[in-house]
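The values are calculated or read from the model by the stated rules, or taken from the named source; none is laboratory data. Quick caveat: nothing in here was measured; it's all calculated off a predicted structure. Heads up, the Cβs are rebuilt from the backbone with ideal geometry, glycines too, and the neighbour counts pull from every protein chain shown. Please note that ligands, DNA and RNA were not included when accessible areas were found on the heavy atoms of the full protein model with its side chains. Shrake-Rupley method; radii C 1.70, N 1.55, O 1.52, S 1.80 Å.
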Amino acid sequence: APPHRLRHALARGVDELLALDATSPPTDGRPLLAPALSLATLRIQRARREQPLLQPRVLVLHASADEPSEHLRLVDLAFANQKLEILSDSVLLHPRPPSLALQQLSHLSGGLHLHADAQATAALAVYLIAAVLPDQFTRKYLQPSPQGKLETRGLCMLTRKHVDVGWACSVCLAVFSTHTLRACAVCGTRFPLPKPPPGLKPLMKKRP
């Protein structure tokens, strides 16, 4: 398609995306970002079977706030894309708050993340052509747009709050703000009991 038609189609799609009510839940009550990215990863792997030299990339245009219930799945997808070498770029459209999950998704997979302000949203086609369109090899010779401070904090799966120091499940990578749990609240994996300090003898119960 001619470039001007692509620009018009992109601008129309972004306008429709921004016109959506970001506070209204999906029709079935479930978030849709993580399932959509999972489907994209599966289709990329299917395409790789036919084209082994394929260099896949994913672009996420996001116009809503983070959904805490999706955070763990998005982090798992970030590690999966990192292992599968799937470049994931993300653009968070104005005026949405910063997205912790999208930052980590792009950072771990080697992609770019843009939290677009009003000016960048108005000229989004220019940014996508200049920054996102070049492949991974070409980007080494280009100066990327400022990424801002990377947010690396985890999200506690119990309190749904960001934590600077947390404890992660070794199976599903869920993060918790406390280490007193006996089992993972997400996957059910039982955690080992803390070992007593050296020299401390366990108390023996007396028989009645």
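Tell me which residues, restricted to segment 121-138, are under 18 Å from Arg57 (Cα atoms) and open to solvent by 40 Å² or more (accessible area, probe 1.4 Å).
Selection gives Ile129, Ala130, Leu133, Asp135, Gln136, Phe137, Thr138.
Among the residues of segment 12-32, are any closer than 14 Å to Ala101 by Cβ, open to solvent by less than 50 Å² (accessible area, probe 1.4 Å) and at pLDDT below 75?
Yes, some residue in segment 12-32 is closer than 14 Å to Ala101 by Cβ, open to solvent by less than 50 Å² (accessible area, probe 1.4 Å) and at pLDDT below 75.
Are there any pairs, at least 6 apart or on different chains, whose C-beta atoms fall under 9 Å, with the first in segment 45-61 and under 19 Å from Gln136 (Cα atoms) and the second open to solvent by 100 Å² or more (accessible area, probe 1.4 Å) and not in a strand (DSSP E or B), and if so, which?
Once the first residue is under 19 Å from Gln136 (Cα atoms) and sits in segment 45-61, its partners that are open to solvent by 100 Å² or more (accessible area, probe 1.4 Å) and not in a strand (DSSP E or B) give Gln55/Glu85; Gln55/Gln136; Gln55/Phe137; Pro56/Glu85; Arg57/Gln136.
Residue under question is Thr180, and the condition is that it be open to solvent by 40 Å² or more (accessible area, probe 1.4 Å), of a type in the set (Ser, Thr, Tyr) and without any contact (Cβ under 8 Å) to a residue 12 or more places away in the chain; does it hold?
yes
So, of the residues in segment 154-193 that are on the phi > 0 side of the Ramachandran plot and not charged (D, E, K, R), which turns out to be modelled with the lowest pLDDT? Spell out the reasoning first.
As a first pass, look at segment 154-193 and keep what is on the phi > 0 side of the Ramachandran plot: 160, 173, 188.
Still in the running and not charged (D, E, K, R): 173, 188.
Numbers: Leu173: 85, Gly188: 89.
Residue satisfying both the conditions and the ranking: Leu173.
Which residue is nearest to His62 (Cα to Cα), if the candidates are limited to segment 140-165 and must be open to solvent by less than 40 Å² (accessible area, probe 1.4 Å) and free of Cβ contacts under 8 Å to residues at least 24 places away in the same chain?
Across segment 140-165, the extreme among qualifying residues is Gly154.
Among the residues of segment 68-120, write down those that are in a loop (DSSP other than H, G, I, E, B) and either surrounded by 20 or more Cβ atoms within 10 Å (Cβ to Cβ) or aliphatic (A, V, I, L, M) (or both).
Within segment 68-120, Ile86, Leu93, Ser99, Gly111, Leu112, Ala116 qualify.
Only one of Leu158, Leu142 is in a loop (DSSP other than H, G, I, E, B), of a type in the set (A, V, I, L, M, F, W, C) and within 18 Å of Asp66 (Cα to Cα); which? Let's see the steps before the verdict.
Details: Leu142 fails: within 18 Å of Asp66 (Cα to Cα).
Every option except Leu158 fails the conditions.
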